[in-house]
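Comments concern the structure below.
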There are 2 protein chains.
Amino acid sequence: MTDVRARALPGLPEIARGADLAELIVAAAESSGQPLDDTAVVAIAHKAVSKAEGAVVALSEVTAGDEAKALASRLGKPDPRVVQVVLDECVEVVRAERGVIIGRTRHGFICANAGVDTSNAAHRDELVLLPRDPDGSARQLRRRLHELTGVRPAVVISDSFGRAWRHGQVDIAVGCAGLVPLQDWRGRQDSVGLELQATMIAAADSAAAMADLARAKDSREPVVMVYGLGSHISEDDGPGAAALLRATSEDLFR
Amino acid sequence: MTDVRARALPGLPEIARGADLAELIVAAAESSGQPLDDTAVVAIAHKAVSKAEGAVVALSEVTAGDEAKALASRLGKPDPRVVQVVLDECVEVVRAERGVIIGRTRHGFICANAGVDTSNAAHRDELVLLPRDPDGSARQLRRRLHELTGVRPAVVISDSFGRAWRHGQVDIAVGCAGLVPLQDWRGRQDSVGLELQATMIAAADSAAAMADLARAKDSREPVVMVYGLGSHISEDDGPGAAALLRATSEDLFR
């Protein structure tokens, strides 16, 4: 019987470029009395990571090209520069209809606006992108947390994604380290000796979704501490959230 | 700052047809000391609900028709009767490729095998379907919990769904009562006065995903108690998980 729980970490400042996220997290965890240990998961909204890494674009420095202008006009988007930034993040535009651009990013995510996000940006001019290498960012954050504390909590970096056939967004893992992204139950037997079917559990995505429930969307709480997921945590960093990506060759919905 | 937590409810028996789920849940909650109150969410795997409601099919009573036989042969499925049951649950076969049938159910869910599930079935012969009316089942369970206890916890009925572009499955809400399925933040402003973008939060799906993390897949723990989601709970039952379904006319990926 596992008790899983999540609580947002209060007291983090606005994240500036170059910020040492691990240092900020350690300080906030200490002041709020939320333990960092080998069984904890640090769930962090990608925007904080992107800002620290400088994965942001100043709209005032963007010039929209012809493709972006045409697409903005066709989709009724008011600012073609935003469309340009989205196109720059796409290796493929999967759909561009009904005011929505669904892009495949260089990481392999298929999502609205190729992960470009303007909400909660520090300045009206600023667009926040996905981190360049979210699994690398997660590993780096975990390494730094270990340096500072001697313990090795797992790290998951999340973003809010829509779904093809469901309204609303849920947080999913765009990067992780030390959190087993997929629990593989294939071939194991259930309690009456039958082989289990629903057997690849995207635990890292569930952890991201859970963390989001502990976070108020209108407050600056990029970090949520999640406890009770010890069985999903590994000492090594593991394959990261990249293991959650379905290969293009297996995509039934392109 | 919200602390959200989830714990599986131990001590539930195998669910038989006609079982009074509410009675079993109240007894198990009492023995395990997990409170049922107006701020709790009872998260229950659909299989328990389907079994109680008799939404199961005995394979031995199924005769595969020509379409099922042809599809089973094309997809390399060993038992055409299973394909027949899946087809019977589909109002539309959305994809049938690579050994996978993605169906749209009469409820409007788009998912593998139209929600037909053989894992954790009590007998090798038995296929568990989705409940006929999962929102209705959730409302009924909530009503009965209220009758028995005088309190009104929210109810979410979950299933494990795959995703078009990601490996692995996460639990989502197929039915709910008293849990606000979608939190609508559109038009609200973020902490620097910008209008929020990622603003329709599928809280019921996140709650289902969270509950699944507290459940061991190979044990019989269909019910998980979730606490700390008071801000997502309403006294009235609300629109249910049907509100999470994207209309076919808005589907970009058919």
Which residue is surrounded by the fewest Cβ atoms within 10 Å (Cβ to Cβ), if the candidates are limited to the stretch A:150-170 and must be within 11 Å of another protein chain (Cβ to nearest Cβ) and free of Cβ contacts under 8 Å to residues at least 40 places away in the same chain? A:167
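Could you please let me know if residue B:138 is at pLDDT 95 or above, open to solvent by less than 40 Å² (accessible area, probe 1.4 Å) and within 29 Å of residue A:183 (Cα to Cα)? Quick ask: steps written out before the conclusion?
Numbers: at pLDDT 95 or above: yes; open to solvent by less than 40 Å² (accessible area, probe 1.4 Å): yes; within 29 Å of residue A:183 (Cα to Cα): yes.
Yes, satisfied.
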Name the single residue, out of those in the stretch A:25-40 being over 25 Å from residue A:116 (Cα atoms) and of a type in the set (A, V, I, L, M), that is surrounded by the most Cβ atoms within 10 Å (Cβ to Cβ). A:40
Specify which of the listed residues (B:214, B:242) is hydrophobic (A, V, I, L, M, F, W, C), within 19 Å of the chain's Cα centre (by Cα) and open to solvent by 30 Å² or more (accessible area, probe 1.4 Å). B:242
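For residues that are at pLDDT below 80 and either facing chain A (nearest Cβ under 7 Å) or touching a strand residue (DSSP E or B) at 6+ places or on another chain (Cβ under 6 Å) (or both), tally how many sit in the stretch B:196-210. Write out each step before concluding.
Taking the stretch B:196-210 first, the residues at pLDDT below 80 are B:196-199.
Restricting the remaining residues to those that are either facing chain A (nearest Cβ under 7 Å) or touching a strand residue (DSSP E or B) at 6+ places or on another chain (Cβ under 6 Å) (or both) gives B:196-198.
Number satisfying all stated conditions: 3.
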Check B:89, B:147 and return the single one that is open to solvent by 20 Å² or more (accessible area, probe 1.4 Å) and in contact with a helix residue (DSSP H, G or I) (Cβ under 9 Å, 6 or more places away or on another chain). B:147
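Kindly evaluate residue B:67 against the criterion of being open to solvent by less than 60 Å² (accessible area, probe 1.4 Å), free of Cβ contacts under 8 Å to residues at least 60 places away in the same chain and of a type in the set (Asp, Glu). Working first, answer last.
On the way: open to solvent by less than 60 Å² (accessible area, probe 1.4 Å): no; free of Cβ contacts under 8 Å to residues at least 60 places away in the same chain: yes; of a type in the set (Asp, Glu): yes.
Against the criterion (open to solvent by less than 60 Å² (accessible area, probe 1.4 Å), free of Cβ contacts under 8 Å to residues at least 60 places away in the same chain and of a type in the set (Asp, Glu)), residue B:67 does not qualify.
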For residue A:127, work out the one condition from (1) among the aliphatic types (A, V, I, L, M); (2) open to solvent by less than 60 Å² (accessible area, probe 1.4 Å); (3) more than 22 Å from residue A:19 (Cβ to Cβ) it doesn't fulfil. (3)
Here's a check for you: in the stretch A:227-254, which residue that is facing chain B (nearest Cβ under 9 Å) and in a strand (DSSP E or B) is nearest to residue B:165 (Cα to Cα)? A:245
Matching residues, the stretch B:14-53, being under 16 Å from residue B:156 (Cα atoms) and polar (S, T, N, Q): B:39, B:50
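The values are calculated or read from the model by the stated rules, or taken from the named source; none is laboratory data. Being a predicted model, the structure only gives us computed values, none of them experimental. Cβ atoms come from the backbone with ideal geometry, glycine included; neighbour counts cover every protein chain shown. Remember, those area values only see protein heavy atoms, side chains included, never the ligands or the DNA or RNA. Shrake-Rupley method; radii C 1.70, N 1.55, O 1.52, S 1.80 Å.
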